[in-house]
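K.L.:
I'd like to ask you about the structure that follows.
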Amino acid sequence: MKAPSFAYAKPGTLPQVFDLLERHGDGAKILAGGQSLLASLNLRLSSPELLIDITGLPGLNGIRIADGKVRIGALTTHRQIEQSSEIAEHLPLLAQAVRHVAHVAIRNVGTIGGSFALADPAAEYPACAVALDATVVLAGSKGERRVKARDFFRSLYETALVPGEIVTAVEFDAIRPNFRSVFLELARRQGDYAIVGLAAHAKADGSRFSDVRLAFLGAGATPVLAGNAMASLEGKPCSADVVAAAKEALAEDLDPPKDLTTSSAAKLHLARVLTGRALAALSQ
Ligand SMILES: Cc1cc2nc3c(=O)[nH]c(=O)nc-3n(C[C@H](O)[C@H](O)[C@H](O)COP(=O)(O)OP(=O)(O)OC[C@H]3O[C@@H](n4cnc5c(N)ncnc54)[C@H](O)[C@@H]3O)c2cc1C
């Protein structure tokens with residue numbers, strides 16, 4: 001199938017984007033890498049009257065490290081993130097996760113802003129952002145606002161973006177000394193969306209768990225922070241009993257929706273498997 005016909009604009013400034021969004025309302029859609037949007041048009045799941053191509057906007061592309069923060073512009077592609085030595089050094093969780101995002105051809109053009117705005121529950125970055133308590137930077141005609149990742153992802157494909165706003169950047173704290181990150185996922189084939197995945201981060205001294213963050217993807221309508229499992233680990237020794245108790249506690253944290261191929265119980269089992277692997281890696 002082919003996309004329905006639409007008008008196209010490529011503004012060169014943010015105020016022009018906001019003006020177009022205001023004038024066209026629901027009839028306009030932001031176009032970034034197009035890797036999800038164009039597929040949805042071709043499948044006729046969406047029929048906007050206007051696509052606003054933001055790829056020509058200055059200042060939205062690139063990775064900046066300053067004052068212990070990593071700021072990634074919305075137009076930064078998955079491939080830029082994958083190939084960045086700064087991301088490898090300061091955000092190892094994202095560096096591990098990006099290798100699971102689709103295939104190279106898609107990573108070449110798909111953007112981090114598009115991934116956040118789409119808010120697919122099985123996407124890798126949103127879970128990383130929740131695990132690392134990242135901040136999403138939004139802008140509209142009334143100015144800029146910042147929303148914590150845990151508040152940004154509201155429901156299935158639903159975010160805190162309001163009409164007229166776009167994502168301009170995502171900000172993470174750079175990893176601190178003695179902390180470690182592990183990203184794991186299970187997918188049918190390399191490059192497929194995950195069945196279940198886990199973004200894990202903790203202070204690593206090899207003897208006790210502390211400051212553990214466990215955020216799951218593919219296990220709910222949004223990334224799910226496993227609060228009970230995290231609490232069960234806090235200050236405890238890195239022992240088999242403690243890991244088993246955390247895996248058990250996941251039953252209170254996760255109620256994964258079944259999909260066409262995997263039952264809810266199977267997803268919970270897979271989440272426990274990933275948790276065991278991640279905690280083993282974090283406690284080394
Ligand atoms: C075969 C296939 C496999 C894939 N596998 C994965 C995967 O495993 N993991 C994964 O995370 N993703 C996967 N993706 C999606 C891919 O990562 C997309 O690049 C990403 O989801 C959207 O980025 P984009 O720049 O292409 O956005 P677009 O497709 O241009 O836009 C997506 C949506 O976000 C909106 N939007 C885009 N940018 C902004 C912005 N800055 N502010 C506000 N709204 C905006 C658009 O209006 C649209 O609604 C896959 C895609 C395909 C086709």
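The values are calculated or read from the model by the stated rules, or taken from the named source; none is laboratory data. As the structure is a computational prediction, the values presented were derived from the model and not from experiment. Cβ sites come from the backbone with ideal geometry, for glycine too, and all protein chains shown count toward neighbours.
K.L.:
Quickly run through the range 201-234 and pick out the residues that are in contact with a Lys or Arg (Cβ under 7 Å, 6 or more places away or on another chain), closer than 30 Å to ALA105 by Cα and in a strand (DSSP E or B).
P.N.:
Listed by number, the list holds a single entry, HIS201.
K.L.:
Restricting the range 160-204 to residues that are more than 18 Å from ALA123 (Cβ to Cβ) and among the polar types (S, T, N, Q), which is farthest from the ligand (Cβ to nearest atom)?
P.N.:
Here the answer is ASN178.
K.L.:
Considering only helices (runs of 4 or more DSSP H) fully contained in the range 56-149, which possess at least 2 residues that are closer than 28 Å to ALA229 by Cβ and not aromatic (Phe, Trp, Tyr)?
P.N.:
Ranges flagged: 85-90, 92-98, 112-118, 124-131.
K.L.:
Taking GLU234 and the conditions (1) modelled with pLDDT of 95 or more; (2) under 18 Å from the mean Cα position of the chain (by Cα); (3) exposed (fewer than 15 other Cβ atoms within 10 Å of the Cβ), which numbered condition does it fall short on, given that it satisfies the others?
P.N.:
It is condition (2) that GLU234 fails.
K.L.:
Just give me the residues in the range 228-284 being under 19 Å from GLY218 (Cβ atoms) and either in contact with a His (Cβ under 8 Å, 6 or more places away or on another chain) or among the β-branched types (Val, Ile, Thr) (or both), in sequence order.
P.N.:
THR261, THR262, VAL273, THR275 - these are the residues of the range 228-284 that are under 19 Å from GLY218 (Cβ atoms) and either in contact with a His (Cβ under 8 Å, 6 or more places away or on another chain) or among the β-branched types (Val, Ile, Thr) (or both).
K.L.:
Taking the stated definitions as given, is PRO223 within 21 Å of ALA127 (Cα to Cα) and either outside the structural domain of VAL98 (by TED's automatic domain parsing) or surrounded by fewer than 20 Cβ atoms within 10 Å (Cβ to Cβ) (or both)?
P.N.:
In short, yes.
K.L.:
Residues to consider are LEU20, LEU37, LEU31, LEU41; find the one that is away from the ligand (no atom under 12 Å from the Cβ), surrounded by 13 or more Cβ atoms within 10 Å (Cβ to Cβ) and not assigned by TED's automatic domain parsing to the domain that holds VAL136.
P.N.:
Matching residue, one of LEU20, LEU37, LEU31, LEU41: LEU20.
Conditions tested, residue by residue: (1) without any contact (Cβ under 8 Å) to a residue 60 or more places away in the chain; (2) under 30 Å from VAL243 (Cα atoms); (3) crowded, with 21+ Cβ neighbours inside 10 Å.
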{"position": "LYS148", "(1), (2), (3)": "yes, yes, no"}
{"position": "ILE166", "(1), (2), (3)": "no, no, yes"}
{"position": "GLU185", "(1), (2), (3)": "no, yes, yes"}
{"position": "VAL196", "(1), (2), (3)": "no, yes, yes"}
